[in-house]
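Undergrad: The following block contains the structure, expressed as structure tokens.
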Amino acid sequence: RRALEGGRSKDEPPSLLLRTGVYRLNPEYDWKVDVLDLVRRVEEGKGAHGRGDFHAAVDLWRSAWSLYRGPFLQGHYEAWVAARREVYQKAYLEMLRELGDLYQRLGRIEEAVDAYRSVLVEDPLQEKVHVALMQLYSGQGRRDMVRRQYDRLCTMLREELSVEPLPQTTREYHRLMA
């Protein structure tokens, strides 16, 4: 509150309004809230994708990706923060997976790899994303990277969950290596 009100002159309306014990942003100002912009661009990208406007979807999702600065209010663990963090994280990861899929569809393989790798940075246990990367590497003739990706997945699943990859993942790995 002090930071928002500190640089304001006495003639300007207040940045924050207190109504019934709750602070709110004053709607007289044109606020830019990055998390709201990110969510809006993700949704607009879904709409463009649904209409078949793939290039617009890529542009919107790329711009949403550039807004991401890490988990929402990292370091805060109040229930309302944790709930929103989970919603935003899920939307962000879903958007990156869809962006990777769309890049792959458009033949933009390196960009697809970047999007999928970014998903795995945030959630390294997403088996379907590991499989998508293995398929991309296989398409490039990079069997060493297919093996490395599969080994990385196996190690993480064993260490984190004490499980093996799904049978269809193992079958796909062997198919790609054949």
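The values are calculated or read from the model by the stated rules, or taken from the named source; none is laboratory data. Quick caveat, the model's predicted, so the values are computed rather than measured. Heads up, the Cβs are rebuilt from the backbone with ideal geometry, glycines too, and the neighbour counts pull from every protein chain shown. Remember, those area values only see protein heavy atoms, side chains included, never the ligands or the DNA or RNA. Shrake-Rupley method; radii C 1.70, N 1.55, O 1.52, S 1.80 Å.
Undergrad: Please give the number of the condition residue 133 fails out of (1) closer than 28 Å to residue 73 by Cα; (2) under 22 Å from the mean Cα position of the chain (by Cα); (3) of a type in the set (A, V, I, L, M, F, W, C).
TA: (1)
Undergrad: Restricting attention to the range 26-45, report how many residues are under 19 Å from residue 58 (Cα atoms) and in contact with a Ser or Thr (Cβ under 6 Å, 6 or more places away or on another chain).
TA: Residues meeting the conditions: 1.
Undergrad: Looking only at the range 13-50, count every residue that is aliphatic (A, V, I, L, M) and in a strand (DSSP E or B) and tell me the total.
TA: Selection size over the range 13-50: 5.
Undergrad: Being in a helix (DSSP H, G or I) and open to solvent by less than 70 Å² (accessible area, probe 1.4 Å) is the filter here; which residues of the range 51-64 pass it?
TA: 54, 56, 57, 58, 60, 61, 63, 64, listed by residue number.
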